[in-house]
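Just so it is clear, none of the values below were taken in a lab; they were calculated from the coordinates. All of these numbers come straight from a predicted model, not from anything done at the bench. Neighbour counts run over all protein chains shown; Cβ positions are idealised from the backbone, glycine included.
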Amino acid sequence: MKLSEFKNLWEHTQDSSFEGKMKDASLIISGINESCGDEITLFLKLDAKKRIVDASFMHSGCTLSYAGSSILSGKVVGKKIDEIKKWRDADFLKFFEMEISPARLKCVLLALETAKNYAF
Amino acid sequence: MNKKDFPIFKNHPKLIYLDSAATSQKPRVVIDAVKNFYETTNAPIHRVLYSLGEQATKEYEAVRKKTADFLGARGASEVVFVKSATEGANLVAESWLRDHLKKGDEVLTTIYEHHSCFVPWQEMARKKKAIFKVGGEPTRQTKFFAFTLASNVTGEIFLAKKMICDARKRNPQIKIFVDAAQAVGRVPVNFKDLDADFLVASGHKFYAPTGAGILLIKKELHKEMNPFLLGGGMILSVSKEKSTWQKAPYLFEAGSPLTEAVVGLGAAIGYIQKIGLKKIRQHEETLIAYALEKLGALPSVHILGPREIKKKIGVISFYHEKIHAHDIASLLSEENIAVRAGHHCAMVLHKELGISASVRMSFSVFTEKGDIDKIVFALKKINETLGI
């Protein structure tokens, strides 16, 4: 991971408008990366048609899993919850605009995997 | 000081390898010993009636004697070759603890342990309804006490001899397991002098090939232990009704051994002895002092463990207030610097320290002050680029 690329992600994490608890969330989904201890909680607010109208997250861990949580929160708004299940890892990784080493894939994909694990 | 002895640096001239606590690089003499064994002596060992097999057996058993002398065992029979220190610990859990631990007995360990010197006892205590205690002093109820000679996270050297002496005063029946995986090859370790019952070491951390694990078992305990693995190599007789075993150490070495790894271990011990542990320790102390000074001056970087050079092996872990350990390791990788990041198989200790992960740099005979300069420079660059 190049320092210049990391800087972009890092700056993003300093001021994500999606970070924070949502009091009126329809879904609260938690995910943990057991091997490194990263933890996230996603808050999704749905309308009657199960379309996501608002999203936020809380995070503890590395910059990559933070960025993944923030990017996911931004991208899911307007989508139906069932659509997220169909998202492929490769599609999500495109949002990062940088090469992610194999060892760090679990970090950036934590948010997507967490979202896919939602339960009603 | 000995970089030229390690061919990996010829193939990767820019590599700054600071991960020897995980596995060391291998010197030419070890690589040659393994290659030479395959080219000139390779054959099954023990129970072989042809000369090549006899020669292979002779080499394997010579390393057992060499290991016994190197680690201060009372004789070659106290040396068991295992796949890894982890396997050694599991062997002790299954072959001694299982048959001796009773409901209500206490098994004691410390917060500093690597998972391999923690989980096997925790699991066996659970199965036997014994009490598993982490931290504190041994008591009359403590049947088994396991601890590390030097932490794989903080690098702290523990006063093992005193701890064992004190434990035996409180309970003469106590059995003591010492995890010397990080200590061997860095500081002198003497099994007899320590008066431990069991000790494990990990050859691949001190220049030997992977698969060269060592377990020392005090002679007096051999008769009260059962085999861990059953099958070839450890058998005395087999009938339809009953099977009998060989004596230790063969009793504990079922299956075809990792002969070439053991041969490499012999060369690794020879390599250490040629340089001398005193010189190796002096080199480490110089590096520890330099690293503590340089790292300690960096903003937002916090070093874990003691700062006294004499209390540390060449293992230094730190965390950054603002950047996660995994991010730092990834960024250092761009500068060809290999460090470890995570909990280093010591989750309990990290939790106790209030952090989820740390960055670990660990030294070896090939580590130079210039390597420390490079990691410090890279960390400074990260701080500056991110405005920290």
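Only bridges whose two residues both fall in chain B count here: according to DSSP, what percent of them are antiparallel, nearest 5?
Bridges in chain B that DSSP calls antiparallel: roughly 55 percent.
If you rank B:Arg360, B:Arg64, B:Arg186, B:Arg307 by fewest surrounding Cβ atoms within 10 Å, what's the result?
B:Arg307, B:Arg64, B:Arg360, B:Arg186
Taking only Cα atoms, what is the 0 to 90° angle, nearest 10, from helix A:3-14's long axis to the longest principal axis of chain A?
In chain A, helix A:3-14 runs at an angle near 30 degrees to the longest axis.
Express the C-alpha Rg of chain B as a ratio against the empirical globular expectation 2.2 N^0.38 Å, rounded to two decimals.
After normalising by residue count via 2.2 N^0.38 Å, the value is 1.02.
Provide the percentage of antiparallel DSSP beta bridges, counting only those with both residues in the protein assembly as shown; round to the nearest 5.
Restricted to the protein assembly as shown, the bridges split so that about 65 percent are antiparallel.
Counting other beta carbons within 10 Å of each residue's own, what order do B:Met361, B:Met225, A:Met1 fall into, fewest first?
So the residues, fewest neighbours to most, are B:Met225, A:Met1, B:Met361.
Expressed as a fraction of 2.2 N^0.38 Å, the rule-of-thumb size for a compact globular protein of N residues, what is the C-alpha radius of gyration of chain A?
Relative to the 2.2 N^0.38 Å estimate, chain A comes out at 1.00.
Of all the Cα-Cα pairs you can form in segment B:291-388, what percent are over 16 Å apart?
That tail contains 54 percent of the Cα-Cα pairs.
Averaging over every viewing direction, what projected area does the convex hull of the Cα atoms of segment B:92-183 cover, in nm²?
5.3
Note the per residue figure in Å³ for the convex hull of the C-alpha positions in segment B:180-249.
About 97 Å³ per residue, rounded to a whole number.
Going out from 0 in 5 Å bins, what whole percent of all Cα-Cα distances in segment A:34-78 drops into each bin?
Answer for segment A:34-78: a P(r) of 5, 23, 27, 19, 13, 8, 4, 1 percent.
Grab the alpha carbons of segment B:58-118, take their convex hull, and tell me the volume per residue in Å³.
Hull volume over Cα atoms, normalised by residue count, gives 122 Å³.
For segment B:199-347, what is the per residue volume of the convex hull drawn over the alpha-carbon atoms, in cubic angstrom?
Per residue, the Cα convex hull of segment B:199-347 comes to 194 Å³.
In chain A, what % of DSSP beta bridges are antiparallel (nearest 5)?
Of the beta bridges lying entirely in chain A, close to 95 percent run antiparallel.
Run the simple label-point estimate for B:Asp193 and B:Glu308 please: 7 Å along Cα→C-beta, distance reported in nm.
Calculated label separation equals 1.9 nm.
Which order results if B:Ile16, B:Ile214, B:Ile275 are arranged by neighbouring Cβ count within 10 Å, fewest first?
The order, fewest Cβ neighbours first, is B:Ile275, B:Ile16, B:Ile214.
According to a simple spin-label model (label point 7 Å from Cα along Cα-to-Cβ), what is the distance in nm between A:Phe95 and B:Thr40?
That separation, rounded to one decimal, is 6.2 nm.
Using only the alpha-carbon atoms, what does segment B:1-158 span along each of its principal axes? Please give whole angstrom values in decreasing order.
Extents along the principal axes: 54, 49, 26 Å.
What is the spin-label model distance, in nm, from B:Phe9 to B:Asp69 if the labels are put 7 Å beyond Cα along the C-beta direction?
Rounded to a tenth, the inter-label distance reads 2.9 nm.
Mind listing the Cα extents of the protein assembly as shown along all three principal axes, in Å, largest one first?
Principal-axis extents of the protein assembly as shown (Cα, largest first): 77, 54, 48 Å.
So if each residue of separation counts as 0.36 nm, and I subtract the Cα-Cα distance between B:Lys380 and B:Ala289, what length gain in nm does that give?
30.9 nm
According to the square roots a ≥ b ≥ c of the eigenvalues of the Cα gyration tensor, what is the shape class of segment B:213-264, taking rounded for a/c under 1.5, prolate for a/b larger than b/c otherwise, and oblate for the remainder?
Verdict is oblate for segment B:213-264.
Starting from the Cα of A:Asn8, move 7 Å in the Cα-to-Cβ direction to define the label point; list residues of segment A:85-103 whose amide nitrogen is under 14 Å from there.
Backbone N within reach: A:93-100.
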